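Each remark here refers to the structure printed beneath this line.
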Amino acid sequence: MSEVLGASAATMDPIDLTVVVVYVVLMVAVGGVFARYMKSARDLFAAGGNAPWWVAGISSYMTFFSAGTFVVWGSLAYGFGWLGITIQWTIALAQLVVTVFLARRWKRIGTDSPIQFLEERFNFGIRQLYVWGRIPFAVLMAAQAIYSISVLAHDQIGAGYTLNTIIVIMTAIVVVYTVLGGLWAVLATDVLQFFVVTLITVILLPLALHEVGGLTTFIEQAPQGFFQLAQDASRYAPPHRPEYTWTFFLGWLVFQVFFISSWWEIIQRFQSCRSEKDARRSGYLLVCLYTIMPLFWLGPLMIFRVIDSSYFDPADPLATKHAEVAYIALCRRLLPVGLTGMALAAMISATGSMVNSSLNVMSAVITRDFYARLIKPQASEKELLLVGRAMITVFGALIILVAWRIQSLGVVEYLFKILSILAGPLAVPFVCGIISRRISATAVWWSVLGGIAVSAAIEFLSPGYGWALSRGVKLLASTLVPLAILIMATAIARPAPDRQGVIDAFFRRMSEPLPAGARESAAHYGPIALIGVLTAVLGVAILQLVWVVREQRVLICLFGSAMIVFGVSLKIICRRRLQFTESERARPPGGSFSDEARDDHV
């Protein structure tokens, strides 16, 4: 991989570099602005339960979305075509299942961190199992995201910086504005990043089609099988074995249902909403975005394969390692100076969204479940706030160390190893515990530890015995094996009699709808209005590029103008919502709008 990076790196245009720096400084400034909203640990970790549903939905989308979207799934789309989009649609289908069946349940939990329900449902030991079992997984996933954006930044900025140095810089940026602004900074900057990333990806698709000579030319010149939903095993001769067959997608779907259902960052978004109805709305928005937007993320990379196939390795037609930098090469080829920097900045910020979500959740767990529980139960909210920020910094350092080690594997292989070994065994009992009252703490222990042991054996020992298992089989095993262990252990070890009353009370609460959400206030829309202002300011800054860039000035004007319109519109909408809230508050009780009507008005 180092050879690829070294060969492709190019010195960044000073204008692009300026755009990246300004954008990153803006993100850090956002953290400073939202620091004034951080009065307690609950504000830092749960946004006070005041997030509008569409903000939570966009933030969930951006939590999925990172530079890994372009490096991991982008390299697959560049190398293999439509199956990259099939992978994203499978995630959307899994998210639909989660939203329909579990969004309301997670909102009813009513905790600051998703892990807190485990003690009530099982016991303190299970809670600690997940504290110390889930955090290494979160660190590994965050390191993958940081590595991905660092690869793109290294390729763009050039050989003046080593890849390891870029990794440190990227992590430091994310840590700073997460420490300052907490979950509100994550949620609000996600709105800005969503618009910028969407604008860049939507622009690239028609530019790529124009470059290749039109849709018809692209279809005619695309490699054979490029538009198949899954790989056809008959097209590859030994020793090449296709990984992304229908068996893979079956395993991927089953895995994603459990994974998303137990993903702390997504659960946190459900909990940050004002009501159960809003939690489900946020999930449906995520499903819609993940169904439509992959065409714009990955379509340009499919076209780029026809334009420039140099990132494809014909000696290994199933390898994707050389394609990890294809997206930024596409941006450099098609976008004007300034917007290339904006594309890189947007990917940095999108990655920041994913990583700072993980940082926020991990620090919440350690602060609430370890420090406040075992070290200093009498700690004040202010002290917990300081501890939470310190833990964010510590986890940032761990992410750097892990990201330095990914280069030898390749990011796609690294990602699937993590998922197959750790994610399934941790997710299965976590999800089943909120569905079934029959599962005991003993069954959870057996499922997690047994599942990890079997998955690790399949991953590391099976090659020595000549078992060439595909990724699809490994993903299925990572969920079905712990599920089978859980079922057998549940039949043997029932919940302790002294726990049955607590468990029954837990499930009674899960079956009862929550009261109507809190009234809207400045805490709901004030932070979002600030993002509207910042977006408009950034749009004005983009428009200044027309004075220094000679090519594609119309495109730059359209981009900057769209940002201004979006920012001003967001500010106006928030102002009107606040005015509506104040007028409703002034009404006598008999004349106020119902909670349902207020929800529908949002």
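The values are calculated or read from the model by the stated rules, or taken from the named source; none is laboratory data. Keep in mind it's a predicted model, so treat the numbers as computed, not measured. Neighbour counts run over all protein chains shown; Cβ positions are idealised from the backbone, glycine included.
Would you mind stating whether Ile219 is out of contact with any Ser or Thr (no Cβ under 8 Å at 6 or more places or on another chain), among the aliphatic types (A, V, I, L, M), assigned to a helix (DSSP H, G or I) and surrounded by 16 or more Cβ atoms within 10 Å (Cβ to Cβ)?
No; evaluated as a whole, the condition is false for this residue.
Can you spot a residue in the range 449-457 that is part of a helix (DSSP H, G or I) and within 16 Å of Ala491 (Cβ to Cβ)?
The first filter runs over the range 449-457 and keeps only residues part of a helix (DSSP H, G or I), leaving 449-457.
Within this subset, residues satisfying the condition of being within 16 Å of Ala491 (Cβ to Cβ) are 450.
Yes, the conditions are met somewhere in the range 449-457.
Is at least one residue of the range 173-185 in contact with an Asp or Glu (Cβ under 6 Å, 6 or more places away or on another chain), modelled with pLDDT of 65 or more, assigned to a helix (DSSP H, G or I) and surrounded by 24 or more Cβ atoms within 10 Å (Cβ to Cβ)?
There is no residue in the range 173-185 that is in contact with an Asp or Glu (Cβ under 6 Å, 6 or more places away or on another chain), modelled with pLDDT of 65 or more, assigned to a helix (DSSP H, G or I) and surrounded by 24 or more Cβ atoms within 10 Å (Cβ to Cβ).
Yes or no, residue by residue, for (1) over 30 Å from Gln221 (Cα atoms); (2) surrounded by 22 or more Cβ atoms within 10 Å (Cβ to Cβ); (3) among the hydroxyl-bearing types (Ser, Thr, Tyr):
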site	(1), (2), (3)
Cys273	yes, yes, no
Asp278	yes, yes, no
Tyr284	yes, no, yes
Thr291	no, no, yes
Leu295	no, no, no
Ile307	no, no, no
Phe312	no, no, no
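Closer than 23 Å to Ile200 by Cβ, in contact with a helix residue (DSSP H, G or I) (Cβ under 9 Å, 6 or more places away or on another chain) and buried (at least 24 other Cβ atoms within 10 Å of the Cβ), is that true of Ala77?
yes
With (1) surrounded by 24 or more Cβ atoms within 10 Å (Cβ to Cβ); (2) in contact with an Asp or Glu (Cβ under 9 Å, 6 or more places away or on another chain) as the list, and Leu385 as the residue in question, which single condition is left unmet?
Here Leu385 clears every test but (1).
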